[in-house]
1. When residue 782 is evaluated against the numbered criteria (1) within 16 Å of residue 717 (Cα to Cα); (2) without any contact (Cβ under 8 Å) to a residue 60 or more places away in the chain; (3) touching a Leu at 6+ places or on another chain (Cβ under 8 Å), which criterion, by number, is the only one it fails?
2. What about residue 381, is it surrounded by fewer than 17 Cβ atoms within 10 Å (Cβ to Cβ), closer than 30 Å to residue 779 by Cα and modelled with pLDDT of 90 or more?
3. Would you check which residues across the stretch 674-695 are at pLDDT 90 or above and in a loop (DSSP other than H, G, I, E, B) and list them?
4. What single numbered condition from (1) touching a His at 6+ places or on another chain (Cβ under 7 Å); (2) surrounded by 14 or more Cβ atoms within 10 Å (Cβ to Cβ); (3) more than 26 Å from residue 186 (Cβ to Cβ); (4) not aliphatic (A, V, I, L, M) fails to hold for residue 571?
5. Give 786, 735 a once-over and let me know the one that is at pLDDT 90 or above, assigned to a helix (DSSP H, G or I), surrounded by 18 or more Cβ atoms within 10 Å (Cβ to Cβ) and among the aromatic types (Phe, Trp, Tyr).
6. Could you check residue 450 against (1) of a type in the set (D, E, K, R); (2) in contact (Cβ under 8 Å) with a residue 12 or more places away in the chain; (3) loosely packed, with under 13 Cβ neighbours inside 10 Å and say which number it fails?
7. Kindly indicate which of 67, 80, 40 is without any contact (Cβ under 8 Å) to a residue 40 or more places away in the chain, closer than 24 Å to residue 169 by Cα, surrounded by 15 or more Cβ atoms within 10 Å (Cβ to Cβ) and outside the structural domain of residue 3 (by TED's automatic domain parsing).
Amino acid sequence: MFLEKNRDRIEKDFEDFSRELPGKAEEIEKRMETLNADIVIGMKYLYSNMPYSDVGNYTFDTYLDYVQQGIWLWENSPYVKKYPELYFLNYVLFHRTNDEEIKPCRTYFWEKIKDRIQGMSMMEAVLEINHWCAGEVMYQGTDMRTGSALEIYRSGVGRCGEEAVFVVNVLRSAGIPARPVYVPRWSHCDDNHAWVEVWCDGDWHYLGACEPEAVLDKGWFTNAASRAMMIGSRWYDRAMPDEDVIGKDGMNRIINLLGKYAKTKRITIRVEDLEGTPAGGARVQAEVMNYGEFSPVAKISADENGCISFVTGLGSLLICAVYEGTYGERVIDTRDGDEFVCTLGEEYEDELWVDFDMIAPEDTGRTKWNISKEQEEENNRRIAEEGEHCRRKIAKFQPLWKRCLYGHTMEEVEPMMAVLSEKDRRDAFPEVLEGHYQEASVYREFNPDEIYIPYVWNPRVENEVLTKWRKKILGYFDKKQRDAFESDPKRIWTWIKENISVRNDKERLTAYTTPGAALDLKIAGEKSHKVLFVAIARTLGIPSRLNPTDGAIEYWDGIKFVPVLEESRKEAHLTVLAGENENWNYYQNWTISVTDGKGYLTLDFSGSKWENGKLELDIMPGDYRILTGNRLPNGNILGKRYDFHIEKDETKKVELELREYSLEEMLNRHSIPDSRLRNKDGEVVLISQVTGTPCADENLEHGDGVQRKIFFWLEEGREPTEHILNEIMDLKEKYEKIQQNLVFILRNEDALKNATLCRCLEMLPKIQVFFHDFGKDKEMTARRMYVDSEKLPLMVVTDGACQGMFASVGYSVGMADMLLRIFHV
């Protein structure tokens, strides 16, 4: 019988759902009257476990595709009987994988892949499906809104989280349990990452989404994952999973998977007040420093003894705790012990720079797998073919917004499209954009285009699914209510707070309830409340927005944007002074955050411009924290913190400070791939041969009698490469001493026609020159040295056969001199 072991539980859960949302339940039961019993139980399962935003945002028919394909798999898949029923429910039948838009896709994907995996074992099918996915979607950085699996497939591009959503949906369409796995934030670099785990042959295995390998449990991120402080996956079912739970994010639990990837230990945090009394039930967050801010990787509630206990990596965390309005925090290094105390109510001394260190776990991942040379070459051949297929597909792709040209001129449409993101222009339904275009047009004459287009017409508020909400809103409120809103926009917010409830316990906190769904359900998350305010205001012709700095809801009063809430008024002024460091980059080496006494909100000043070494900022009165961080090549951060209070109408000046580090702290030793290079004669030379060369000059000898090398993967004619070559030539006398230790790697012989490159080689004729395809080996070299794999030039200093000790990418002033310092020249 379909779902025999969970059938009774599902029925009871749906009864609970029906009591909580009686109106929606009645609609759903009416639709289920004509369906067979198996589809009914499948639909009840989805509705009982999905976030309320999914209940409101999508139609009953959206979910039929998932249930129908699930039932077909239950009856026909050779894999389904090999794993627990609970895995089928959560990792095959369930529609949601992350915070993506939901569109029917499972039967569609199954038709695409079924012939490719016919007769294969689960493991063979997983590897083959990932190869198919690699031919359909490739990595491209996009905004943080997660597109649907179908739109990711259609466009052919997605960031890592979107690639994971796509691959998980394709695997589930074949009856293979799959889940996205993510590092909320790395500890060793400013980024995060997502990949995929699949259940086959009795256990969970991992793979890079759209990054096929010859075997499972292999990916470029293997070593990076060994340096994480937390790796997790979401579980939506009301039943408890059989794995370690690290906490909850709204209605879904977070499964702690770190132990599979890294060296770990279990630590205990005790939260207590200044008198030592335990704070039972305190809300606790573990945070890492990333992008210049502290960001949570785990959220846990303390037990009656004020304690939390969880498994994490061997490095630093900021522990933050809140209990009955009192806040406390502490930086801990888990290498120093197993038990720590976080005290509530301790205050930081204002207007004083305080040093702190954030230690990244060491790289303990694997570097070798049992793969034959033939397997690796065949896999690489397929990847090259799939990449070319995907590039051709992307070249033919037509963004949906271009269909909006029907009936309009380019001059009419282009200004509207300019305020939307590239992703919106790619996947927003033309009828949605056209609806907003037509329905907002009655207000165009009342505001200049620079106000009307982004703040009245614009259908995008934050990261919600784009829908046609104007007619819904106009029909929802009578004229008297609309007139009241127009006369005083603050009344919109008052109405929302009184009529739309918040149920975070029934929500996926990073998903949004669309404006129309929020009005129907009368339930929406806190962020969705703000989106609803803006949607109602824009529908009534009131220009409005969420402030790009702090997310405050604002409306245009004809002269300026006015905060709806008094506490959001920017009535203080901060002057930030650059000091001696001219290279301040927001969300890289510094940030500002404000606290309400219960935690910190990082403000987004990334768009603010420095002028004459100053940054002038209007901010709210309150308590603030400035963080600066100097990240070392080994991933550790030398941090500084500055706390201050600012009153209404007060002006304050703060000069930023950045901790400096020693030359030894610049070194970052890791093995690099033994790439196959080609010399000018066409002969293959391995990097191990070049890096393992015995040293002829005892003054340049290091390590085990071999000479250090500096490898440059150069992109001739581009600015970053031109800069480093010119710096080398400016330091000609010093570089002459080590020119035989320099290795230039170029894509092909045509690069030698570049004037700057030729001049440098003439000036330093003993530089070794090789050629390389700049493919996977170059990427893996950058990743093993923990620098950006997409930037050039890539510069790596080696100290022995395939042993990197320092790396840098792009160009920064003084890099040529830095390389000399590492060489002790």
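1. Of everything listed in (1) within 16 Å of residue 717 (Cα to Cα); (2) without any contact (Cβ under 8 Å) to a residue 60 or more places away in the chain; (3) touching a Leu at 6+ places or on another chain (Cβ under 8 Å), residue 782 misses just condition (1).
2. Values: surrounded by fewer than 17 Cβ atoms within 10 Å (Cβ to Cβ): yes; closer than 30 Å to residue 779 by Cα: yes; modelled with pLDDT of 90 or more: yes.
Spelling it out, residue 381 is indeed surrounded by fewer than 17 Cβ atoms within 10 Å (Cβ to Cβ), closer than 30 Å to residue 779 by Cα and modelled with pLDDT of 90 or more.
3. Applying the first criterion (at pLDDT 90 or above) to the stretch 674-695 yields 674-691.
Listed by number, the residues that qualify are 674, 675, 679, 680, 681, 682, 683.
4. (1)
5. Only one candidate passes the filter, namely 735.
6. It is condition (2) that residue 450 fails.
7. On the way: 80 fails: without any contact (Cβ under 8 Å) to a residue 40 or more places away in the chain; 40 fails: outside the structural domain of residue 3 (by TED's automatic domain parsing).
Unique residue meeting the criteria: 67.
Listed here are the residues, each with its yes/no results for (1) surrounded by 12 or more Cβ atoms within 10 Å (Cβ to Cβ); (2) within 23 Å of residue 150 (Cα to Cα); (3) without any contact (Cβ under 8 Å) to a residue 40 or more places away in the chain.
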residue	(1), (2), (3)
418	no, no, yes
423	yes, yes, no
429	yes, yes, yes
434	yes, yes, yes
442	no, no, no
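The values are calculated or read from the model by the stated rules, or taken from the named source; none is laboratory data. Here the structure is a predicted model, which is why all the values come from computation and not from measurement. Cβ coordinates were reconstructed from backbone atoms using ideal geometry, including for glycine residues, and neighbour counts include every protein chain displayed.
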